[in-house]
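> Quick one: the structure is below, questions incoming.
The values are calculated or read from the model by the stated rules, or taken from the named source; none is laboratory data. Predicted model only: the values in this text are computed from it and were never measured. Backbone-built Cβ (ideal geometry, glycine too); neighbour counts: all protein chains shown.
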Amino acid sequence: MKDSTARKKARQPDPMKVAADDRKVALARSAEVKALIAEFLKVKDKIPTGLKLEKEYTKAKKRILKVLGGSEKDWGNYKWHLKNRIENVDTLGKIVRLSRKEINEIRKTGEQYRWGISPYYASLIDPADSNCPVRKQAIPSVKEHLDTSEIKDPMIIKYNSPAPLISRLYPDRLIINVTNMCSMFCRHCLRRKDIGGKDLIYSHSQLRGALDYIRENEEIRDVLLTGGDALALSDDQLDWILAELDKIPHVEIKRLGSRMPCVLPQRITPELCRMLERHDPVYLNTQYNHPKEITTDAKKAVDMLTKAGVVVRDQTVLLKGINNDPHVMKVLMHEMLRIKVAPYYIFNCKKVEGIRHFRTSIQEGLNIMEHLRGYTSGMAVPTYIITAPEGRGKTPIAPQYVLNTNFDGEVLIRTWGGHVLCYEDERTN
Ligand code: SF4
């Protein structure tokens, strides 16, 4: 017994003693990978992030409170933000710098598409920068009403709604569209057709049809409540739906689709968190599109959710002029991980009327993925998704890492760093 322990010890390599030649190779490899981050390090600190802009945001908050006649206490209250949503170009003009031309364009676009900005989200806009990535997501652009060539219903409801308020595209999960309300109207929204008109809250009897469908289909184990924004519902309305889902034995998890942690983090209150904790397990899918959106308030909101056991994940939309840059996207992923939001998807921006100016090519998205995989932690690498036509669902796409599978027992691979190597495979039969 003693002998075999001694033998094992003798065979075990001592990490403190590496042969000089091996150390040389390791040093050369370390220098090789270190060189691959040099370009990112040069630009990283020039990319604005919300956690570093706290002073500017505090100044903007004071300015907005003055314009809207609110108090510090009001700022912490999400109902005040909803009541004081900025929907008027004259008020907006007191908060951000607008030229006469821009004022006219916002008015014109507003006749066709609804717009509204939560005071909180407005405080993240750089008032003097017409290219501010937050501004582009919030303030209507003339490009919206000039674009009339695209698909009006990207969700293709007619093919995917087997029961009222339900969208079903997959075998074991589905969506209940619980409202069309949002705290603000993102300029890149795919669902602008649904949120454009009157705010809709469905009665219990309207929602019962959707719940009955879930009850009758035992393979449904995962239900996503979305809209609009699921957290636009009151705590009581949400509590009722979640309680109804909890009574269905085959529903294992509930998910909420909400942009509130990004556009109105004040919505995440202790009362909401206590209620969500009662319906464990709950997941929340949110949407951050630029590092400027990762603020102290966003962090506080995510902290409260995670303490209540809610798992928070992100679904970024790839948007031209906002995040279609590999370095910006990488900083966004890093900032999200810092506040404990897990990157989950990057969506290619879909063809929808009024948002063409935000679209990038798929190749641009693939290039971003190429710069994430391997270059940073796997946790910071979401799946890149295009939503297939005809309502056929999410389709993951990725750069090619398998170059050839025809070799006898070997696969030709390209590593993230660009090395082409043969990988020994197992025969399938
Ligand atoms: S919160 Fe979501 S649903 Fe609402 S406008 Fe923004 S992207 Fe659209």
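> Among the helices (runs of 4 or more DSSP H) lying completely within segment 249-343, list those that include at least 1 residues that are away from the ligand (no atom under 15 Å from the Cβ).
Where helices (runs of 4 or more DSSP H) fall fully within segment 249-343 and carry at least 1 residues being away from the ligand (no atom under 15 Å from the Cβ), they are 270-278, 296-307, 326-338.
> Somewhere in segment 405-412, is a residue at positive phi and among the acidic types (D, E)?
Within segment 405-412, not a single residue is at positive phi and among the acidic types (D, E).
> While we're on this one: Name the pairs: first residue in segment 44-58 and closer than 12 Å to D126 by Cα, second residue of a type in the set (G, A, S) and not in a helix (DSSP H, G or I), Cβ to Cβ under 7 Å, at least 6 apart or on different chains?
Taking only residues 6 or more apart or on different chains, the pairs are Y57/S123.
> Of everything in segment 59-110, what is in a loop (DSSP other than H, G, I, E, B), under 22 Å from S141 (Cα atoms) and in contact (Cβ under 8 Å) with a residue 12 or more places away in the chain? Give them in sequence order.
Selection gives N84, R85, E87, V96, R97.
> State which residue pairs qualify: first residue in the same structural domain as I355 (by TED's automatic domain parsing) and among the hydrophobic types (A, V, I, L, M, F, W, C) and inside segment 188-203, second residue in a loop (DSSP other than H, G, I, E, B) and within 7 Å of the ligand (Cβ to nearest atom) in any location, beta carbons under 7 Å apart, and separation of 6 or more residues or different chains.
Here the result reads I195/C182; I195/F185; I195/C189; I195/G228, each pair linking segment 188-203 to a residue that is in a loop (DSSP other than H, G, I, E, B) and within 7 Å of the ligand (Cβ to nearest atom).
> Select from segment 187-236 the residues that are among the acidic types (D, E) and within 16 Å of the ligand (Cβ to nearest atom) and write down the one among them that is farthest from the chain's Cα centre (by Cα).
D199
> Does segment 176-190 include one or more residues that are at pLDDT below 95 and small (G, A, S)?
Taking every residue of segment 176-190 in turn, at least one turns out to be at pLDDT below 95 and small (G, A, S).
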